[in-house]
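See below for the structure under consideration.
Coordinate-derived values only; no laboratory data. This one's a predicted model, so the numbers in the text were calculated from it and none came from an experiment. In this analysis, Cβ positions are derived from the backbone assuming ideal geometry, glycine residues included, and neighbour counts consider all displayed protein chains.
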Amino acid sequence: MGESQWVNQCKFQIDKSDYCKLRKYEFLSETLKFSKIILLMDISNTIKAAKRILKRRKSLLMLQGDFVIVGDIHGNMETIRKLFNKPLEGNMKFLFLGDLIDRGQDSFGVVKTIFEKMVEYPERIFVIRGNHESRLGEKSSANSLYKELSSNTELYEKIINLFENLPLAAVLNSKYFCVHGGISEDVRSLGDIEKIKLPLSLDNRKGTAYKAACGLLWSDPSKSVAQYAQSPRKNGALFGKKPLTEFLQKNKLSCMIRGHQWSPSGFSKEFDDNSLITLASSENHNNTPCLASCAILNEVSEPIRKIL
Ligand SMILES: [Mn+2]
């Protein structure tokens, strides 16, 4: 065999195998494209249906029943798997306290699953808004929903728009005030929350509704503050035991249940009593060893902590 003939034969062989690979790849890529289209159609329908459900809800939810209350998930699908590992039992309702997204590995998966469940069980799945249910992740250097959906900004915008329809707080069994962050000088009563009209965009950063929403979504409790103080987060406030007691008494409530803050056990009580509970529901959050907790609230009992 002459050298040129040998080279030609080799070329042919290589070309043939590449051609086969290419055909295989084209087929695979068409299948992937097709499943991506199905997934996008699917999620668009879920968003539309979830929005219809949220349009019927107000900025303050008044709910009765038995509840699983879930704190910050921050893109951790493990929490979702543990919560929804089998069909929903009995009449248990779920209240998510916001911060479903950002920081973790799968913000989109968390959003998709929770809103699919809401569409499937509209009377049993409730979500209130956290400070991350906004454009916050767009500036964050860590993982975020924004980064996950960077190749599909249309879908990202649809989800942001859905978030703008989320209620800002909930009262469970006429006793428990549930909110992502807390209270501030702009939110002194349940009436102040009811006044906030939805949908609410947080992009403009002005107006009474924006200020009140920031108080609910960003504030933190603090033992070392008497009334209210400026928050190191630069949004919302730090609130002391006294304004919390006044808020609860004025509105005939017994306890505030909130998220927004990390703790190693996924559960903390800032004021060493039962007036305020903080839940965090993302296990090993940001690769820091910690537990994920939720609270079980029965119509007749006090909230019980459950490790997820
Ligand atoms: Mn938060």
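Hey, could you check region 132-148 for residues that are crowded, with 20+ Cβ neighbours inside 10 Å and more than 25 Å from ALA169 (Cβ to Cβ) and say which is nearest to the ligand (Cβ to nearest atom)?
Taking the candidates together, the pick is TYR146.
In region 245-263, which residue that is crowded, with 20+ Cβ neighbours inside 10 Å and in contact with a Leu (Cβ under 6 Å, 6 or more places away or on another chain) is farthest from PHE177 (Cα to Cα)?
GLY259
Check ASP99 against each of (1) within 16 Å of the ligand (Cβ to nearest atom); (2) out of contact with any strand residue (DSSP E or B) (no Cβ under 7 Å at 6 or more places or on another chain); (3) not in a helix (DSSP H, G or I) and name the one condition it does not meet.
Condition (2) is where ASP99 drops out.
Test each condition in (1) basic (Lys, Arg); (2) within 16 Å of the ligand (Cβ to nearest atom); (3) touching a Cys at 6+ places or on another chain (Cβ under 6 Å) for LYS306 and report the one that comes out false.
Every condition holds for LYS306 apart from (2).
Taking the condition of being surrounded by fewer than 15 Cβ atoms within 10 Å (Cβ to Cβ) and either touching a Phe, Trp or Tyr at 6+ places or on another chain (Cβ under 9 Å) or part of a loop (DSSP other than H, G, I, E, B) (or both), how many residues in region 77-91 meet it?
The number of residues fulfilling the criteria is 6.
Looking only at region 116-131, filter to residues that are buried (at least 22 other Cβ atoms within 10 Å of the Cβ) and in contact with a strand residue (DSSP E or B) (Cβ under 8 Å, 6 or more places away or on another chain); which one of those is nearest to GLU89 (Cα to Cα)?
That would be PHE126.
Counting only residues that are closer than 19 Å to HIS180 by Cβ, part of a helix (DSSP H, G or I) and touching a helix residue (DSSP H, G or I) at 6+ places or on another chain (Cβ under 7 Å), how many does region 116-137 have?
2
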